[in-house]
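Derivation of every value follows stated rules applied to the coordinates shown; laboratory data play no part. Note that the structure is a prediction, hence the values are computed from the model and not measured. Ideal geometry is used to build each Cβ from the backbone, glycine not excepted, and the neighbour counts take in all protein chains shown.
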Amino acid sequence: MINEERIVADFLELVQIDSHSGEEAKVVEALIPKLEEMGLEVMVDNAGEKVGGQTGNIIAKLKGTTDGEPILFCSHMDTVKPGQGVRPIVKNGTIYSDGTTVLGADNKAGIAAILEGIRVIKENNIPHGDIEVAFTIWEEGGLLGAKNLDYSQINSKYAFILDSGKSPGEIITKGPAQDMIIAKITGKLAHAGVVPEEGISAIMIAARAIDNMKLLRIDEETTANVGQIKGGGATNIVPASVEVHAEARSLDEAKLDAQTAHMTEAFEKAAADFGGSVEMKIERMYPPFKIEDDEEIIVKLKEAFKNMGIEAYTTSTGGGSDTNIFNGNGIKAVNLGIGARAVHTFEEYIHIKDLVDSAKMVSEIIKVFA
């Protein structure tokens with residue numbers, strides 16, 4: 001029932017609309033008439049005003065024909081850079097980037113699948129409960145659209161986020177919380193060739209702190225990384241300031257708290273050892289989520305995949321997505337594989353079969369929840 005030609009056309013149209021994070025207005029302009037033509041009631045919230053973007057999140061609703069519980073589908077409209085002037089290439093059943101930009105299958109494949117899946121329901125007069133759609137802004141680089149979504153407009157208790165790279169059948173039920181860690185280290189300036197002993201090297205403080213940290217893979221649930229060091233100047237000056245950007249993630253919040261405390265302590269001890277100081281900024285970027293296999297959302301999801309002839313499986317991720325934010329706002333949400341491959345690279349691609357199966361997945365989910 002999926003119209004392959006139509007979903008491919010939608011996808012190719014969407015990826016050719018420039019939409020870096022915060023610059024999604026043209027995508028919104030393209031999507032509103034498509035949603036209204038399908039019979040959905042559409043609004044745009046004020047998330048863009050809150051975060052300094054061009055536009056807000058799209059929230060669209062289709063009234064149900066049954067008493068089935070309302071369900072929500074979500075994908076984000078923005079892409080990572082460089083995503084301007086995308087020129088997609090269709091070859092042998094696969095859609096590629098031309099190698100000069102990302103493709104934008106992350107996450108416009110999800111948008112195209114949601115559109116086509118709902119169209120099929122409408123065109124074939126298939127019974128359905130209330131359907132809600134959220135197309136979010138600024139997912140890349142902070143999940144800002146989902147964080148500022150107008151949740152007063154959402155009635156669903158279950159949400160399906162179409163934003164993972166494996167083929168349809170993947171159900172991500174566990175995701176970590178993340179802490180952003182910024183250490184602003186202060187030492188003391190001195191001439192490095194004349195009186196170096198009068199200086200306190202902020203770079204040496206940072207080096208000592210990092211050397212004393214447990215980093216990368218901590219355990220099966222926890223990771224940590226130092227990603228950026230900024231500061232210093234001329235080689236003949238003992239550097240007085242350095243800023244270090246790091247992160248920690250864990251599926252277990254107690255473990256995350258412990259890892260962040262460990263990294264903070266390493267910075268503070270190193271600063272004290274050298275006679276400098278450090279100012280710490282720590283922010284919990286998003287909460288973890290965990291959904292058990294015997295919960296209704298998973299049981300019905302597996303039924304939908306069974307109807308498609310696909311053996312579904314649950315798994316965990318080390319990354320963050322809108323899924324974390326929906327769960328943090330009391331909506332049980334899972335992240336579903338849609339087949340976007342090599343995302344965030346110039347080699348990004350998606351098989352048309354995965355695009356079609358993702359649309360089938362949407363329509364089958366609607367059916368089983370009807």
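Taking a ≥ b ≥ c as the square roots of the eigenvalues of the Cα gyration tensor, an a/c ratio of 1.5 or more together with a/b larger than b/c marks the chain as prolate. Membrane-span-like helices in the chain (whole DSSP H runs, Cα extent of at least 30 Å along the helix axis, mean Kyte-Doolittle hydropathy of at least -1.0): 253-274.
Here residue 34 is the anchor, and the lysines within straight C-alpha reach of less than 17 Å, apart from those fewer than 8 places off in the same chain, are 26, 61, 63, 108, 122. Summarised in one figure, the compactness ratio Rg/Rh of region 309-357, Cα atoms and Kirkwood Rh, is 1.02.
Note on the chain: dipole from Cβ charges, positive end direction compared against 313, 134, 201; the farthest Cα belongs to 201. Restricting region 249-334 to trypsin sites (Lys or Arg not before Pro) that sit in a DSSP loop and have at most 16 other Cβ atoms within 10 Å of their own Cβ leaves nothing. Taking region 246-355 as the region of interest, the number of lysine pairs whose Cα atoms are within less than 24 Å, with members eight or more places apart or on different chains, is 15. Strictly greater than 19 Å: what percent of every Cα pair in region 177-286 meets that? Tail of the P(r) past 19 Å holds 44 percent of the pairs. Using only the Cα atoms of region 73-124, build the gyration tensor, take square roots of its eigenvalues as a ≥ b ≥ c, and label the shape rounded, prolate or oblate: rounded if a/c is under 1.5, else prolate if a/b is larger than b/c, else oblate. Taking the square roots of the gyration eigenvalues as a ≥ b ≥ c, region 73-124 is oblate.
Applying 1/(1 + (r/R0)^6) with r as the Cβ-Cβ distance of residue 180 and residue 307 and R0 = 30 angstrom yields a FRET efficiency of 0.15. Largest GNM mean-square fluctuation among 73, 267, 326, using the chain with Cα springs under 10 Å: 267.
With r as the distance between the Cβ atoms of residue 188 and residue 5 and R0 = 56 Å, compute the FRET efficiency 1/(1 + (r/R0)^6) and round to 0.05. Please list the in-between numbers first.
On the way: r = 68 Å, r/R0 = 1.21.
Efficiency, from the Cβ-Cβ distance: 0.25.
Just checking the listed ones, 210, 325, 350: in the Gaussian network model of the chain with Cα springs under 10 Å, the one fluctuating most is 210.
Where a ≥ b ≥ c are the square roots of the eigenvalues of the C-alpha gyration tensor, would you call region 1-104 rounded, which needs a/c under 1.5, or, failing that, prolate if a/b is larger than b/c, or oblate?
Cα axes put region 1-104 in the oblate bin.
Each of 173, 79 was scored by other Cβ atoms within 10 Å of its Cβ. Listed from fewest to most, they are 173, 79. Among the trypsin sites (Lys or Arg not before Pro) within region 122-168, those in coil by DSSP and having at most 15 neighbouring Cβ atoms inside 10 Å are 157.
Rounded to the nearest 20 debye, the dipole size of the chain about its Cα centre is 360 debye, using +1 on the Cβ of Lys and Arg and -1 on the Cβ of Asp and Glu. Given +1 at the Cβ of Lys and Arg, -1 at the Cβ of Asp and Glu and no other charges, the dipole of region 177-286 around its Cα centre is 320 debye to the nearest 20.
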